[in-house]
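The values are calculated or read from the model by the stated rules, or taken from the named source; none is laboratory data. What you see is a predicted model; the values in this text were computed from it and never measured. Quick reminder, even Gly has a Cβ in these numbers, built from the backbone with ideal geometry, and neighbours come from all protein chains shown. Just so you know, the surface numbers come from the protein's heavy atoms only, side chains and all, with ligands and any DNA or RNA stripped out. Shrake-Rupley method; radii C 1.70, N 1.55, O 1.52, S 1.80 Å.
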Amino acid sequence: MLRTSSAPRANRLCRVSPSYYDAAMDPNSYEALVRRRDAATLTWRGPTLMLFARAACAVGAQAVVAAVFALRSSPTPWHDAEPWLPVYGTLIDAGCLALLWRLTRREGIRLFDLVGFERTRLVRDALLGLALVPVCLVFILGGIYAAGWLLYGTLTPPYFGGPLPLPAALYGVLVWPFIWGLTEQMTYNGYLLPRFQVLCRKTSPAIVVVAFARSLQHVFMPLTFDAKFVAFRLC
């Protein structure tokens, strides 16, 4: 009697829609992404498009600023646009966020789901982030000095930059880094890495692909058409 009565219940559980289980898990978790891959909701198209989106948006945003300088009769509009990256960088972020919103909507999740915010881990994650800052700076500055020495023979290689009006400079210091950092993390760690991990079915190739794209984007931020400087930015 017990076996007979339990069988229909088991069948009813088996007929529950997969979305029922997705609602009970993190929408951006590995398990949820595997379900969407198997349901063909997650395909190679979205992540491949997003992989070089920031580089494409960077060229487009710089072109907008260069057009402004051209309208003002600048003889070198593209070059004059280079120092304005801390300002037009927000156009890059806006383009990326718009594309991320579209791609996540196709998967049936929210853009904010890429953040993975958990209130219970806020303090621990904040402290961990602060602890990682000096470690990351060691690798970042070490890479910059090594690349500068290799390509230019000096520890102080040339870098994009130039004088900006005070409002633009303040924006570049006080506002832009926060928008830039959040968008970049959402793009590479929130969206691309977990999806390539699921699509490749392995972690190592996903890391290589995403790390290369993340490094390559710097070639276009800003785009200078100088081979040595491009190599320096890629490193």
Item to complete: Largest first and to the nearest Å, give the Cα extent of segment 144-214 along each principal axis.
Response: 47, 35, 11
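Leaving out ligands and nucleic acids, note down the accessible area per residue over the chain with a 1.4 angstrom probe, in whole Å².
Values: 14600 Å² over 235 residues.
Normalised by residue count, the accessible surface of the chain is 62 Å².
I want the local charge near Ala94. Using Cβ-Cβ distances under 14 Å, sum +1 for each Lys or Arg and -1 for each Asp or Glu among the other residues.
Details: positive: Arg54, Arg102; negative: Asp93, Glu184.
Net of charged neighbours comes to 0.
As a test of the definition: which semi-axes, in Å, follow for the chain when you take the square root of five times each eigenvalue of its alpha carbon gyration tensor? Largest first, please. Display every interim value, and only then the final one.
Values: eigenvalues 371, 79, 60 Å².
Computed over the chain, the values are 43, 20, 17 Å.
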Response to the item:
In the chain, taking the dipole from +1 charges on Lys and Arg beta carbons and -1 charges on Asp and Glu beta carbons about the Cα centre, the listed residue (His79, Thr203, Tyr188) farthest towards the positive end is Thr203
Discussion item. Taking θ = phi - 60°, what integer Hz values does the Karplus form 6.51 cos²θ - 1.76 cosθ + 1.60 yield along segment 206-219, in sequence order, with x for Gly and Pro?
Written reply: 5, 5, 5, 5, 5, 5, 5, 5, 5, 6, 5, 4, 5, 4
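When the accessible area of the chain is computed with all protein chains present and a 1.4 Å probe, what percentage of it is carbon and sulfur? Please report the intermediate quantities before stating the final value.
Values: 10100 of 14600 Å².
Carbon with sulfur: 69 percent of the solvent-accessible area.
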Item to complete: Starting from the Cα of Ile207, step 7 Å along the direction of its Cβ; do the same at Thr41; then give the gap between the two resulting points in nm.
Response: 2.9 nm
Practice prompt. Would you calculate a helix-derived [θ] at 222 nm for the chain, using -39,500 (n - 2.57) for each DSSP H run of n ≥ 4 and dividing by the full residue count, to the nearest 500?
Written response: -21500 deg cm²/dmol
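Compute the length gained on full extension between Val133 and Ala231: take 0.36 nm times their separation in residues and subtract their Cα-Cα distance, giving the result in nm to one decimal. Mind showing how you got there, number by number?
Working: separation 98, 0.36 × 98 = 35.28 nm, distance 2.54 nm.
Residue separation times 0.36 nm, minus the Cα-Cα distance, leaves 32.7 nm.
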Worksheet item: How many percent of the alpha carbon pairs in segment 85-197 exceed a separation of 16 Å?
Response: 73 percent
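Relative contact order for the chain using alpha-carbon pairs under 8 Å, separation at least 6, rounded to a whole percent?
RCO, the chain: 29 percent.
If I stretch the segment between Arg119 and Cys200 completely, what's the gain in nm (0.36 nm per residue apart, minus their alpha carbon distance), one decimal? Don't skip to the answer; put the middle values down first.
On the way: separation 81, 0.36 × 81 = 29.16 nm, distance 3.12 nm.
Between Arg119 and Cys200, full extension yields an extra 26.0 nm.
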Worksheet entry | segment 124-235, relative contact order [Cα under 8 Å, separation at least 6], % | 23 percent
Worksheet item: Can you give the charge dipole size of the chain about its Cα centre, rounded to the nearest 20 debye, using +1 on the beta carbon of Lys and Arg and -1 on the beta carbon of Asp and Glu?
Response: 1160 debye
Practice prompt. Within the chain, what's the longest run with no chymotrypsin sites (Phe, Trp or Tyr not before Pro) in a DSSP loop and at most 10 other beta-carbon atoms within 10 Å? Give the range, please.
Written response: 1-116
